[in-house]
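All of the numbers you see were taken from the coordinates with simple rules; none came from a lab. A quick note: this is a predicted structure, and the numbers were derived from the prediction, not measured. No Cβ is skipped: glycine too gets one built from the backbone with ideal geometry, and neighbour counts run over all protein chains shown.
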Amino acid sequence: MNVTWSSTPEPKDYPASESYLTLLSDPAEARRLVAMLAEQPIVHYKAKDLLRAAQLPLLPENDLHVAGDLQKIRSGKELSPVLLVRGTMEGVPLLIVDGYHRVCASYHVSEDVDVSAQLVSRTS
């Protein structure tokens, strides 16, 4: 089973990312990061590396959103690239600001699946 990624994130992913980021930073910083994300090229990382860097657990296959993404994968539908904010070496993990369930669904296909993403650093 192959995981197919669209060439660009869905437009709704950016507002969802901004909403999430406002829980972790002030609204102006959240807007700045999301605006930067929208301009970044698509990059690829292994599903296992994203979960490790984000220090997040693998959600089970029967999680509602993971199951939905697995169904999309089985049907050959494209997944939207995930949106990431780079962590720091000082203990701040990578933030998966949109697409955690897509990362987990991809991992269930294979931990070595390449996940499409856009990535920014907080200091950029």
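A few comments on the model shown:
- Alpha carbon Rg of the chain, scaled by the compact-globule rule 2.2 N^0.38 Å: 1.00
- Annotation: Cα Rg of the stretch 1-48 relative to the compact-globule expectation 2.2 N^0.38 Å equals 1.34.
- Spacing of the two label points (7 Å from each Cα toward its C-beta) at residue 74 and residue 38, in nm: 3.6
- Once you reduce the stretch 24-67 and the stretch 102-124 to the center of their Cα atoms, the two points are 7 Å from each other.
- For the stretch 45-53, Karplus couplings with θ = phi - 60° (6.51, -1.76, 1.60), whole Hz, Gly/Pro x: 9, 5, 4, 5, 6, 5, 5, 5, 5
- DSSP-defined antiparallel bridges as percent of all bridges, the stretch 13-121, nearest 5: 60
- Charge dipole magnitude, Cβ of K and R +1, D and E -1 - the chain, Cα centre, debye nearest 20: 80
- Cα gyration tensor of the stretch 52-124 - equivalent ellipsoid semi-axes, whole Å, descending: 24, 13, 9
- Amide hydrogen proximity for residue 46: with H placed 1.01 Å from N in the peptide plane, the residues at 5 or more positions away or on another chain lying under 5 Å are 115.
- Sequence-distant residues sharing a close amide H with residue 82 (under 5 Å, placed H): 116, 117, 118
- Protection-proxy order for peptides 61-71, 108-118, each taking the mean of Cβ atoms within 10 Å per residue, highest first: 108-118, 61-71
- Using θ = phi - 60° and Karplus 6.51 cos²θ - 1.76 cosθ + 1.60, couplings along the stretch 98-111 (whole Hz; Gly, Pro as x): 7, x, 3, 5, 5, 4, 5, 4, 4, 4, 5, 6, 5, 5
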